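Visitor: Here it is, the structure, as structure tokens.
Please treat every number below as a calculation from the coordinates, not as lab data. The shown structure was predicted, so the numbers you read here are calculated from the model rather than taken from an experiment. So basically every Cβ, Gly included, is an ideal-geometry build from the backbone, and we count neighbours across all protein chains shown.
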Amino acid sequence: MKKLLLLTCASLIAGVTFAQETEIFNPTFQYDTNKGFTKKHVTVGLSEADLWKRGASGLPTEAELGYTPKENQTLLSSKGYGGVGVAYGITDTYSVVDGVDLSIHPQNQHFKLTFFNKAQYALGNFSVFSVLLTENYTGDPATTTWTDVTSQLDQIDDDVTYDSKWTKSTLNLNSWKSATNLVLAFRYQVTKPGVVDNVKDSPTIDRPGIWRVSEVRFSYSDTPTAIDDITIDKSKLVFPNPAQNNIHFANEVTVVDFYNMNGTHLKQHFLTSHTMDIAEYPAGIYLLKLTLKNGTVITNKLLKR
């Protein structure tokens, strides 16, 4: 399952336009510093060598990327567990990417960050991957005031199975375009200690997993993309909201996916009617992924009473 995250958007999308992009920064992660990244470990629960480790195998393929990557690309992986019977501990570690000056680029452009990520092997929901930004990096992530932008990504991988696939995440950077030293960090945490069990993928077993990151790219273009400042009149796509037993969808909506607020996929509905009985869902707040006829995907919150 891929976790879809709520987008802050700005005008009704009739379609998505993709423009020619100008690349600003594409660290290959060949080096810990010098146009790359720096590892910063706050708490090490297992092996420091396995935290934000560079690797050249298992990279996203050209088909997965949709473009030809630069030569000598590597990936970063952070791993909080060992073999069967091996104890693991609380972990908090950062991969801090070198700062980028966005202010020197044309300010009438649309800025974004993209990267590919993959989660594997975790069970129990206590290894956490976060994406952070700051304009005031102190050199120590523990004393830096970060903005957690994870929820602003269009999607992030949370498929922790053994055959997990690379997922492209995109972040709108338009609110950061005047930053003279924008610092990006990937944070990996294991929030409780334990011992690795030998039962593969058992739902009752706890095990922290691996997060992998590759192909980080800062870029801009003169045309907004699907995550740029586009206002979506979501009230016209699903209503009423709040709702009790029934909701209605605009004719443009063809598929509806329900998620809880933790990002867990609950059910997919292929619409044959544009009225849906939601009595099966308990009262609460849900995220709806709405797929439109033209392929556009929009997320919306629904309050079920």
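Visitor: Within the set of other residues whose C-beta is less than 9 Å from the C-beta of Phe258, count the net charge using Lys and Arg as +1 and Asp and Glu as -1.
Guide: +1
Visitor: Which one of Asn117, Gln73, Tyr88 is farthest out on the positive end of the charge dipole of segment 24-137, using unit charges on Cβ (Lys, Arg +1; Asp, Glu -1) and the Cα centre as origin?
Guide: My answer, from the dipole projection, is Tyr88.
Visitor: Mind checking the log10 I(q)/I(0) for segment 106-203 at q = 0.10 Å⁻¹? Debye, one equal scatterer per Cα, no solvent, two decimals.
Guide: -0.37
Visitor: Ok, one more. Given segment 46-147 reduced to its alpha-carbon atoms as identical point scatterers, what log10 I(q)/I(0) does the Debye formula return at q = 0.16 Å⁻¹?
Guide: The computed values of log10 I(q)/I(0) come out as -1.00.
Visitor: Tell me which residues come under 5 Å, amide H to amide H, from Phe25 once H is placed; ignore anything under 5 positions away on its chain.
Guide: For Phe25, the qualifying residues are Phe218.
Visitor: Report the charge-dipole magnitude of segment 24-86 in Debye, nearest 20, computed about the Cα centre from +1 at each Lys and Arg Cβ and -1 at each Asp and Glu Cβ.
Guide: Dipole of segment 24-86, to the nearest 20 debye: 200 debye.
Visitor: Taking the convex hull of the alpha carbon atoms in segment 2-221, what volume per residue do you get, in Å³?
Guide: Convex hull of Cα atoms, per residue: 134 Å³.
Visitor: Tally Lys and Arg at +1 and Asp and Glu at -1 over the other residues with C-beta under 14 Å from the C-beta of Thr144: what net charge comes out?
Guide: -2
Visitor: Using the Cα centre as the reference, give the magnitude of the dipole from point charges on the C-beta atoms of the chain (Lys, Arg: +1; Asp, Glu: -1; all else neutral), rounded to the nearest 20 debye.
Guide: The calculated dipole for the chain is roughly 440 debye.
Visitor: If I take the Cα coordinates of segment 119-170 and project them onto the principal axes, what are the three extents in Å, biggest first?
Guide: 38, 23, 15
Visitor: Would you grab the residues whose amide H sits under 5 Å from the one on Gln155? Only those 5+ places off in sequence or on another chain, please, with H modelled 1.01 Å from N.
Guide: Placed amide hydrogens put Leu5, Thr170 under 5 Å from Gln155.
Visitor: Between Gln109 and residues 5 or more places away or on another chain, which pairs have amide H atoms under 5 Å apart, with H built 1.01 Å from N, and which residues are they?
Guide: none
Visitor: Still on this structure, I have one more. Output the Cα-based Rg and Dmax of segment 14-93 in Å, rounding Rg to one decimal and Dmax to a whole number.
Guide: 17.0, 53
Visitor: So, R0 is 25 Å and r is the distance between the beta-carbons of Asp32 and Lys165; what FRET efficiency does that work out to, to 0.05?
Guide: After rounding to 0.05, the efficiency reads 0.35.
Visitor: Also, quick follow-up: Can you tell me the equivalent ellipsoid semi-axes for segment 234-304? Use √(5λ) from the Cα gyration tensor, largest first, whole Å.
Guide: Listed largest to smallest, the semi-axes of segment 234-304 are 17, 14, 11 Å.
Visitor: When only C-alpha pairs under 8 Å and at least 6 residues apart count, what is the relative contact order of the chain, in percent?
Guide: Normalised by residue count, the contact order of the chain is 26 percent.
Visitor: Can you compute the FRET efficiency between Ser57 and His274 using 1/(1 + (r/R0)^6), with r the Cβ-Cβ distance and R0 = 35 Å? Round to the nearest 0.05.
Guide: According to the calculation, E is roughly 0.15.
Visitor: Then there's this: Using 0.36 nm per residue of separation minus the Cα-Cα distance, give me the extension gain between Asn251 and Thr138 in nm, one decimal.
Guide: That pair, Asn251 and Thr138, stretches by 35.6 nm at full extension.
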